[in-house]
1. On the protein heavy atoms, probe 1.4 angstrom, tell me the percent of accessible surface of the chain carried by carbon and sulfur.
2. So if I place +1 on the C-beta of Lys and Arg and -1 on the C-beta of Asp and Glu, and nothing else carries charge, what would the dipole magnitude of the stretch 226-311 be about its Cα centre? I want it in debye, nearest 20.
3. Taking R0 as 25 Å, what FRET efficiency do you get between residue 200 and residue 47 from their Cβ-Cβ distance, rounded to the nearest 0.05?
4. Looking at the chain, what % of its DSSP beta bridges pair antiparallel, to the nearest 5?
5. What angle, in degrees between 0 and 90 and rounded to the nearest 10, separates the Cα long axis of helix 117-129 from the longest principal axis of the Cα atoms of the chain?
6. Among 296-302, 143-149, what's the highest-first ranking by average C-beta atoms within 10 angstrom per residue?
7. Apply the a/c threshold of 1.5 to the C-alpha gyration tensor of the chain and tell me whether it is rounded, prolate or oblate.
8. Can you work out the accessible area per residue across the chain, with the rest of the protein chains kept in place, probe 1.4 Å, in square angstrom?
Amino acid sequence: MTKSDYKSDVVIVGGGLSGLPLALALAQGGLSVTVVDALDPARATDAGFDGRVSAIAFASCRMFEQLGVTKFLQGQMQPINDIIVSDGRVREGASPLFLHFDHTEIGDEPLGNLIENRHMRIALQKAVEEQPLVRLVAPNAVKKVDYAASHVMAVLADGSTVEAKLCFACDGRASPTRVAAGIKTIGWNYGQTGIVTTVEHERPHEGVAQEYFLPGGPFAILPMVGNRASLVWTEKTEAAKAILALDDEAFAEEMRARFGDYLGACRPVGPRWSYPLSLQLARDYVRPRLALIADAAHGVHPIAGQGLNLGLRDVAVAAEVVVDAARLGIDIGSLNVLESYQRWRRFDNTALSLMMDGLNRLFSNDIGPIRLARDLGLGIVNEIGPLRRLFMRHAGGVVGDLPRLLKGEAL
Ligand SMILES: Cc1cc2nc3c(=O)[nH]c(=O)nc-3n(C[C@H](O)[C@H](O)[C@H](O)COP(=O)(O)OP(=O)(O)OC[C@H]3O[C@@H](n4cnc5c(N)ncnc54)[C@H](O)[C@@H]3O)c2cc1C
């Protein structure tokens, strides 16, 4: 390999919602990081770019605090106080058996916060600007990564090169870095599309998130700051196409037929976005000097708002494993080190991905006996306090073998 233009301990391909937190975490542990993102940072934070709002679990919020991100999110975080899960049909409302998660049952803290992806990106970029060990190179795509025995060399679209001991692929579901490394995936399409839009409503939502399981797929109402909510409205893809093509009045009418009137008068505002839904799991997370993070390793159904939270767990674990190795003077790109990240995360990610897959199959239909069984199931879980509280702790991301950052501790 020829001499590089830049050198750092780590190069990260992709400065999105997992790449930037990973850079901040590694830098907290004393490593120098180059993050390369294909998108112009101004475009990635533009109001028209990504209309999604993410449910960020309590444990992930602790990591944001620890990484100096939360101070840039003041006024942009909507606490999730309660979650109500129910089965329903369009224009009929929810069934009488439902599941109610109330955060006060497990402590004083909310179950998490809802944050607009745009505001998350702005806050992460500001935190990165404050961190001298991180260099963000954007817009500039990584064209290829060459792997050598002692280092990697990333070649960028403008011809410049970055040399590092380790490369992290945080480049999303399509992950060109994963593909080029020959790592295969397994998975399937759901034949469903997630329609995302914002709704303004008359009465305050009090931080209550609702998940209605309708025959076409889950209809999630996620409270936002103010009298607003973000919808993740899942439909079979053909139905979604028809709904997306409706004029504003007809679209609002279809939306109200599902949303109901529990928050008074409501209307969609702003653009509509759509996301085709599929499951995609990488067979391996690591190769010598390469590790896959977040959607590059596992793309899941948004039914439980867990995709990014799983990715942020990857971030916390990968940073801990790599920083601890560096402190012991061990080569951070060695397969031994990276395999401990894979061992810690792959089973958890696969189990949760398949659980979300199962939930989606169980609820996205209108078959009488299945409907009866799942409604009874919701009612039973709602009556069993310890089980209800276990589900809440899962939603808050505080179950299992937590890495230091998710416990709110420094690296
Ligand atoms: C409808 C919907 C709702 C969701 N809601 C939630 C939720 O409530 N809670 C939750 O936890 N998760 C949620 N998710 C999942 C979440 O959005 C994803 O898990 C998350 O965005 C993944 O982050 P990432 O960093 O892996 O990928 P991305 O955010 O896709 O970032 C990838 C980055 O890589 C860059 N890139 C790609 N190729 C290159 C290259 N060659 N060179 C340089 N840069 C490159 C891109 O420009 C991009 O910035 C939802 C998903 C959907 C579809």
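1. 56
2. I would put it at about 480 debye.
3. 0.95
4. Antiparallel bridges: around 75 percent, rounded to the nearest 5.
5. So the inclination is approximately 20 degrees.
6. In decreasing order of mean packing, 296-302, 143-149 become 296-302, 143-149.
7. prolate
8. That works out to 42 Å² for each residue.
The values are calculated or read from the model by the stated rules, or taken from the named source; none is laboratory data. Keep in mind that what you see is a predicted model, and the values were worked out from it rather than measured. All Cβ positions, even for glycine, are placed from backbone atoms using ideal geometry, and neighbour counts span all protein chains on display. Remember, those area values only see protein heavy atoms, side chains included, never the ligands or the DNA or RNA. Shrake-Rupley method; radii C 1.70, N 1.55, O 1.52, S 1.80 Å.
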